[in-house]
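Reviewing the structure listed below.
Only the coordinates and a few stated rules stand behind these numbers; no lab work does. This structure is a prediction, so every number in the text was calculated from the model and none was measured. Neighbour counts are summed over all protein chains in view; Cβ atoms, including those assigned to glycine, are modelled from backbone coordinates with ideal geometry.
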Amino acid sequence: MPETRGHIELDRALDSIIVGARHRKDPGDLAQLMESIDRLGLLQPVTITPDGVLVCGWRRLEAVRRLGWHSMKVWVRSGISDKLEALLAQQDDNQLHKPLNELEKASLYRELKALRTEEAARRKQSTQFGAGDRGGDSGPAPGAGPGEHGDARRQAARAITGEASYSTHERVCALMDWAARKVTPPEIRAMANDALRRIEEGEPVKPLYLEVKDAFERLQTAPPEVEADLARQAREAFARVKAREKASGVPSLQRSQGPGSHFRSVRSFNLTWTELDGWTELYDVDALADELTRSDWERFDRVVTATIAFRDQLAAARRNASTSA
């Protein structure tokens, strides 16, 4: 995930903010947003890179332009990759010297989705800040625009490809995760690496993703004969990777998670789950149902879903370790 450093710059000239071609679209009706900004001010700044490239907040930028502003406060976000910044800054789609392959698109999509999610969290804080003036309304932040929070996946996909569909990017990201994570069973890791290599060579994403996903799900409760079949598939996938390396003379890239690959210790893991042991007995379900906001629930649901997926990966890794011991 990109770094989370940044600062508010209180006076940025609008003409100095670079808006690329992929941001140019119909902003829709800006009347309500303009009225909110005119009445309350811009409580949620737009996000730009240190070089002035717009990352998030195109409707807000357009609204203040129409209000006649010449400058605005912005959130300057560091830690954005050069390739993503270049993509966002494009004034013409033909400026890219060569098209992005699906793996490159997925990597940029993941980075931008994280940035959009981060900005959505800041907008939520702005909403809470302004709630007193709006009778507790839980809509978008004042100065952010109705519906502008959107969906980080659709927003990121549209910025990368011009299309709102994100399914292909998510599938490639899942394959990258299976290929990179140490907890992935070796059979699945080999198949995922082979699938990524084939995607780089132009094969369609969905069939390869479904093949690896099916293998991973079968492995969770696999009888010995299925495990043997998956091991055979993994050997074949590994052999294909090596054959391609030999034919091209270029070794496979070592796929890693970047900064996220510096995992915490087993001791930290045990402390976390020791502290959580019995937590479900500490809360009143009816009270939570009445008081949790939608974003509270979505965060809880996301963490639980990720935890279950991690549990399944860990169970498979332990089973594999016990059989190979």
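Numbers at a glance
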quantity	calculated
Under the Karplus curve 6.51 cos²θ - 1.76 cosθ + 1.60, θ = phi - 60°, whole-Hz ³J(HN,Hα) for the range 151-167, x wherever Gly or Pro sits	10, 4, 5, 5, 4, 5, 4, 5, 5, 7, 10, x, 10, 7, 6, 10, 4
Cα-Cα over 32 Å, subset of Lys105/Lys213; Lys73/Lys182; Lys73/Lys206	Lys73/Lys182; Lys73/Lys206
Computed lengthening from Leu40 to Glu85, 0.36 nm per intervening residue step minus Cα-Cα distance	13.1 nm
Pair Glu275, Asp312: separation of 7 Å Cα→Cβ label points (nm)	2.8
Calculated FRET efficiency for the pair Arg294/Leu67, C-beta based, R₀ 22 Å, to 0.05	0.10
Extension gain from Asp177 to Asp214, taking 0.36 nm per residue of separation minus the Cα-Cα distance	11.8 nm
Karplus-derived 3J(HN,Hα), 6.51/-1.76/1.60, for each residue of the range 277-293, Hz, glycine and proline x	4, x, 5, 5, 8, 8, 10, 8, 4, 5, 5, 5, 4, 6, 10, 5, 7
Within-11-Å neighbourhood charge of Arg154 [Cβ basis; K, R +1; D, E -1]	+2
Two-site label geometry, Arg267 and Asp286: point separation in nm, points 7 Å out along Cα→Cβ	4.5
Fewest-first ranking of Glu187, Glu217, using other Cβ atoms within 10 Å as the exposure measure	Glu217, Glu187
